[in-house]
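The values are calculated or read from the model by the stated rules, or taken from the named source; none is laboratory data. Owing to the predicted nature of the structure, the values given are computational and were not obtained by experimental measurement. Cβ placement follows ideal geometry from the backbone for every residue including glycine, while neighbour counts extend to all protein chains displayed. These accessible areas exclude ligands, DNA and RNA; they are computed on the full protein's heavy atoms, side chains included. Shrake-Rupley method; radii C 1.70, N 1.55, O 1.52, S 1.80 Å.
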Amino acid sequence: MAYHSTLYLLAFLPIVLLLYQIVPQRWRWSLLLGASYFYFWSFSGVLVLYLAGTTLFVAGIGRCLHRMKLRCKEEAKTLERAERSQYKKRCHRRERQLLTVSIIVLVGVLGYLKYANFLIENTNSLLAALHIQVSMATRKIMVPIGVSFYTLEAIGYLVDVYWEKIPGNEPLGKVALFLGFFPQTMEGPIAMYEQTADDIWAGKPLKLQQLGDGAVRIFWGLFKKIIIADRLAVAANELFDHFTDYHGVMIVVAAVFYTVQLYMEFSGCMDIVIGSGQLFGICLPENFNQPFVSRNPAEFWRRWHMSLGVWFRTYIFYPVSTSGLVKKWTKFARKKLGKQASKVGVSALALFPVWMCNGLWHGASWNYIFYGVYYFVLLLGSVILEPVRERVLQVTGADETAAYWKVSQILKTWVIIVTGELFFRANGIRAGLIMFTSMFRSFSLSPLCDGSLLALGLEWTDYVIVAAGCLAVAVVGSIREHQRLGGRRLLELPRPIGWGLCLALILSVVIFGAYGVGYQQVDLIYAGF
């Protein structure tokens, strides 16, 4: 029952909406919770117990932290000023220890489910290389859908309780609904408790405007997914699965096709997810904001998978950058090495765990780890070369606001993005390196015109539809980002225009969608992460 399936769109979602409106407001949260667990069970069966166990564990630890903080504040009032400071430090240390153990448990479960066999296989390879006759057997591990997403939300919840951003004595049902809300189950977005929990819990009545906006957003997501992404998946799979048969420009085509496919599918899925939330009056965080107009990798990651980036920035980057180790380095480096060296060191210490976690979060494979290290090197390199860049701009007098400069920076960033996605999609790091090097072998543009593209499973009409769809997505993205319509929704435009565009969107999905005889539904890529 994937988000783009007819079962979800024409059966599950309408039934939940109908029941939601019928039941009294005070019980709507329980209906959403039941629907969410049913949805999770439809994919993972008995593995729904992982989600339930995580919820009970997180809610319990949150309450423990809450009680510890209250007890500390109450008892501190009875102490003299000299004793109060030491007592608060002891309380803080106990709270930090409980939080640390809790995070280790959550990460440990996630690590076992996703990385145990990866660790065993690599350990066996290392032992074999050392001629040690020991081999461990891999295990059959069933991984629940969405475990990476709800685990990060669970960790964020506990840290926020520890930081006293949110109370830790929230109702169990509210915590359960936050972690298991069905539109977010499979692919996120990764929300913070303060962003969504109150809205999901409130049980607000359905409104016609929200239903209209949500439906339009869902169809827009279907437009990206089944018109563009699913078509490109056919060609991208052929190129990556048989990469040894191709070289030169066809490898470039493979990387470009997959990059566009991934964006259209993931952002399209997010449109369906956010649209589903809008139907209930729930505002889920956005996950994409025109990433292909970025001028550098840092900006790209502020626009791509935004909720994951915010999570890493909030719960890893900032805590590391303000840690005692970083403060000691800053004090030493500024005194002995200079301001720039201090900045580079801080960036390295804070960015490395972020990008290692980013790579590992995507899955147990060396190409994902390479992907994380790839962006770590690029971002750290930009910090190292920042003085050089400023000097070049000063000497050449280049205008960063000029169109030629913006375009050149965007094109440079496209090369970086597409190269990264080549390794991300490749069937292992070795395959990625082979594809990358073969890109430069016998390079010629002739395969783009001699019919080679038609041997990838697509017709010329498919390429025309994909190109037109990408253009439409670019135009709509620009309109939304720059609020060229004054921030008005589609249905708030003059009726002939608004309804005409809605009808065109629906008809385009119905007429040009990639389905029919011989069509095999393409699984959601990020559901595997």
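Leaving out ligands, DNA and RNA, what percent of the accessible area of the chain is carbon and sulfur, probe 1.4 Å?
Numbers: 17120 of 26330 Å².
Roughly 65 percent of what the probe reaches on the chain is carbon or sulfur.
Counting heavy atoms of the protein chains only and a 1.4 Å probe, report the per residue accessible area for segment 274-329 as a whole number of Å². Don't jump to the answer; show the numbers that get you there.
Details: 2200 Å² over 56 residues.
Computed with neighbouring chains in place, this is 39 Å² per residue.
Which of the helices in the chain, when you take each full DSSP H run, stretch at least 20 Å along the axis at their Cα atoms and have an average Kyte-Doolittle score of 1.6 or higher?
On the way: long enough: 28-44 (24 Å, 0.54); 48-76 (42 Å, 0.40); 81-129 (62 Å, -0.11); 147-162 (22 Å, 1.03); 208-222 (21 Å, 0.51); 249-279 (44 Å, 1.41); 339-362 (35 Å, 0.53); 366-384 (26 Å, 1.44); 403-425 (32 Å, 0.70); 460-482 (33 Å, 1.06); 495-512 (25 Å, 1.98).
Flagged H segments are 495-512.
With Rg/Rh (Cα atoms, Kirkwood Rh) as the read-out, I listed [x] 1.02; [y] 0.98; [z] 1.21; which label goes with the value calculated from this structure?
[y]
Just order 142-153, 35-46 by mean Cβ neighbour count inside 10 Å, highest at the front, would you? Provide the component values of the computation, followed by the final result.
Details: 142-153: 21.8, 35-46: 17.2.
Peptide ranking by packing, descending: 142-153, 35-46.
Report the label-to-label distance for Leu411 and Arg139 in nanometres (one decimal), using points 7 Å from each Cα along the Cα→Cβ vector.
Once both label points are built, they end up 5.3 nm from each other.
In whole Å, how far is the Cα centre of segment 316-360 from that of segment 365-409?
Here the answer is 19 Å between Cα centres.
At 1.4 Å probe radius, can you tell me the per residue accessible area of segment 331-402 in Å²?
56 Å²
Considering only C-alpha atoms, what is the centroid distance from segment 247-299 to segment 26-76, in Å?
With segment 247-299 and segment 26-76 each reduced to a Cα centre, they are spaced 30 Å.
In nanometres, what is the gap between the two model label sites at Lys165 and Ala76, each 7 Å from Cα along Cα-to-Cβ?
For Lys165 paired with Ala76, the spin-label model returns 2.0 nm.
If eta is 0.890 mPa s and T is 25 °C, what Stokes-Einstein diffusion coefficient results for segment 270-321, Kirkwood Rh from Cα pairs, in µm²/s?
Values: Rh = 12.3 Å.
Value of D from the Cα-based Kirkwood radius: 200 µm²/s.
Roll a 1.4 Å probe over the protein chains and send me the accessible area per residue for segment 97-156 in Å². Present the calculation step by step, with values, prior to reporting the outcome.
Numbers: 3310 Å² over 60 residues.
Each residue of segment 97-156 exposes 55 Å² on average to a 1.4 Å probe.
Put a dot 7 Å past each Cα toward the Cβ at Leu349 and Glu121; how far apart are the dots in nm?
Reported label-point gap for Glu121 and Leu349 is 3.6 nm.
Past the 21 Å Cα-Cα mark, which pairs from Lys88/Lys174; Lys89/Lys174; Lys73/Lys165; Lys165/Lys204? Mind dumping the intermediate values first?
Working: Lys88/Lys174 30 Å; Lys89/Lys174 31 Å; Lys73/Lys165 16 Å; Lys165/Lys204 24 Å.
With Cα atoms farther than 21 Å apart: Lys88/Lys174; Lys89/Lys174; Lys165/Lys204.
Can you pull out the GluC sites (Glu not before Pro) in segment 372-476 whose DSSP state is coil and whose Cβ has at most 13 other Cβ atoms within 10 Å?
Working: sites: Glu390, Glu400, Glu421, Glu459; in loops: Glu400, Glu459.
Qualifying residues, ordered by number: Glu400, Glu459.
Which of the peptides 409-419, 230-240, 357-367 is most tightly packed, and how do the rest follow, judged by the mean count of other Cβ atoms within 10 Å per residue?
230-240, 357-367, 409-419
Tell me, which cysteines of the chain are without a disulfide-compatible partner by the Cβ under 4.7 Å rule?
So far as the 4.7 Å Cβ criterion goes, Cys64, Cys269, Cys283, Cys357, Cys449, Cys470, Cys502 stand without a partner in the chain.
Starting from 0.36 nm per residue, how many nanometres of slack lie between Leu10 and Lys88 once their C-alpha separation is accounted for?
Working: separation 78, 0.36 × 78 = 28.08 nm, distance 5.57 nm.
Length gained between Leu10 and Lys88: 22.5 nm.
Work out Dmax and Rg for segment 36-99 from the C-alpha atoms and quote the Rg first, both in angstrom.
18.6, 58
What number comes out for the charge environment of Ala455, summing +1 per Lys or Arg and -1 per Asp or Glu over other residues with Cβ under 12 Å away?
-4
Taking a ≥ b ≥ c as the square roots of the eigenvalues of the Cα gyration tensor of segment 113-271, is the shape rounded (a/c under 1.5), prolate (a/b larger than b/c) or oblate?
Details: a/c = 3.18, a/b = 1.25, b/c = 2.55.
Oblate is the answer for segment 113-271, as a/c is 1.5 or above yet b/c matches or exceeds a/b.
Could you calculate the contour length gain from Ile429 to Val377, that is, 0.36 nm times the residue separation minus the distance between their Cα atoms, to one decimal place in nm? Numbers along the way, then the final one.
Details: separation 52, 0.36 × 52 = 18.72 nm, distance 1.69 nm.
Difference between extended and current length: 17.0 nm.
For segment 1-48, what size does the Cα cloud have along each of its three principal axes, sorted from largest down, in whole Å?
29, 24, 10
Full extension from Val46 to Glu299: what is 0.36 nm times the residue separation minus their Cα-Cα distance, to one decimal in nm? If you can, show how the numbers build up before the last one.
Values: separation 253, 0.36 × 253 = 91.08 nm, distance 4.09 nm.
Taking 0.36 nm per residue and subtracting the Cα distance, the gain is 87.0 nm.
Can you give the relative contact order of the chain as a percent, counting alpha carbon pairs under 8 Å and 6+ residues apart? Please list the in-between numbers first.
On the way: 621 pairs, mean separation 97.8, N = 529.
Worked out over the chain, it gives 18 percent.
Once R0 is set to 51 Å, what does the formula 1/(1 + (r/R0)^6) return for the Cβ-Cβ distance between Val392 and Leu56, expressed as a FRET efficiency to the nearest 0.05? Could you put the intermediate results ahead of the total?
Details: r = 57 Å, r/R0 = 1.11.
With a Förster radius of 51 Å, E is 0.35.
Just to confirm a number: summing +1 for Lys and Arg and -1 for Asp and Glu over residues other than Ile120 whose beta-carbon lies under 13 angstrom from that of Ile120, what do you get? Could you put the intermediate results ahead of the total?
Numbers: positive: Lys114, Arg139, Lys140; negative: Glu121.
Local net charge: +2.
Assign one of three labels to segment 182-321, namely rounded, prolate or oblate, based on the Cα gyration tensor with a ≥ b ≥ c the square roots of its eigenvalues; rounded applies when a/c is under 1.5, prolate when it is not and a/b is larger than b/c, and oblate otherwise. Walk me through the intermediate numbers first.
Values: a/c = 2.78, a/b = 1.49, b/c = 1.87.
Here segment 182-321 falls in the oblate category.
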